[in-house]
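K.L.:
One structure, as structure tokens, below. Some questions next.
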Ligand SMILES: N[C@@H](CCC(=O)N[C@@H](CS)C(=O)NCC(=O)O)C(=O)O
């Protein structure tokens, strides 16, 4: 049985949860308590030395230690429904927007939150090594995040989905980023009608409630 190492309140494992649900893959879930620092404890380090969630133990007993590996494995092992595109051009378009959702969305939120939160002093990056906060990075993260919302809104003006006219991994990563942006007080508003329409439509998918 597949095991997902998860944290119900964290955005990165939510990406894996949605992917598993979209593909209808039965699995067990183990919650790791990030607030209590369980990811840094000896027991979890043995599972994932990178000290992050999600991690996924495959049926063969191999532990995949990040979303990139988890998504690559699940798409190859359970090809239906395809979430990375089918034709070469669709795959390219989805890969491009998936990267943007990670780099311009996810990483911008991480910069803004992890470089400003008093709870994350010296934890400006996840993982086993401590890094000091850089307050200016928090400001830049907020600016990048606002720009990402504007760009995503423009992109969705003429589209139901972000890339290749199909629901894909790009929508999954983007919706998790858009929802988690609340943590730094950035939310879709009247300047983002297309983004709001897309977000409302995604709510109809059972996976998005996870
Ligand atoms: N590259 C990783 C990043 C995972 C990540 O940053 N996870 C966060 C939770 S959203 C974490 O484990 N944080 C632990 C910490 O802050 O110590 C992935 O997407 O799989």
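No lab work stands behind these numbers, since they all come straight from the coordinates. Not measured: the values here are computed from a predicted model. As a convention, Cβ positions derive from the backbone with ideal geometry for all residues, glycine included, and neighbour counts pool all protein chains shown.
K.L.:
Could you list all residues from the stretch 19-38 that are within 16 Å of the ligand (Cβ to nearest atom) and assigned to a helix (DSSP H, G or I)?
P.N.:
Within the stretch 19-38, 19, 20, 38 meet the criteria.
K.L.:
Tell me yes or no: at least one residue of the stretch 88-95 is part of a helix (DSSP H, G or I) and under 30 Å from residue 138 (Cβ atoms). Break it down into steps so the answer makes sense when it comes.
P.N.:
Applying the first criterion (part of a helix (DSSP H, G or I)) to the stretch 88-95 yields 88-95.
Okay, now just the ones that are also under 30 Å from residue 138 (Cβ atoms), so 95.
Among the residues of the stretch 88-95, at least one is part of a helix (DSSP H, G or I) and under 30 Å from residue 138 (Cβ atoms), which makes the answer yes.
K.L.:
Here are 144, 205: which of them is farther than 20 Å from residue 102 by Cβ, surrounded by 12 or more Cβ atoms within 10 Å (Cβ to Cβ), in contact (Cβ under 8 Å) with a residue 40 or more places away in the chain and more than 14 Å from the chain's Cα centre (by Cα)?
P.N.:
Values: 144 fails: farther than 20 Å from residue 102 by Cβ.
Selected residue: 205, the only one of 144, 205 that is farther than 20 Å from residue 102 by Cβ, surrounded by 12 or more Cβ atoms within 10 Å (Cβ to Cβ), in contact (Cβ under 8 Å) with a residue 40 or more places away in the chain and more than 14 Å from the chain's Cα centre (by Cα).
K.L.:
Something else now. Given the options 137, 113, name the one that is part of a helix (DSSP H, G or I) and either away from the ligand (no atom under 13 Å from the Cβ) or free of Cβ contacts under 8 Å to residues at least 24 places away in the same chain (or both).
P.N.:
Within the list 137, 113, the selection yields 137.
K.L.:
Looking at the stretch 58-85, which of the residues that are touching a helix residue (DSSP H, G or I) at 6+ places or on another chain (Cβ under 8 Å), under 30 Å from residue 130 (Cα atoms) and not in a loop (DSSP other than H, G, I, E, B) is nearest to the ligand (Cβ to nearest atom)?
P.N.:
67
K.L.:
Does residue 119 satisfy the criteria of being on the phi < 0 side of the Ramachandran plot, in a helix (DSSP H, G or I) and either free of Cβ contacts under 8 Å to residues at least 12 places away in the same chain or surrounded by fewer than 21 Cβ atoms within 10 Å (Cβ to Cβ) (or both)?
P.N.:
yes
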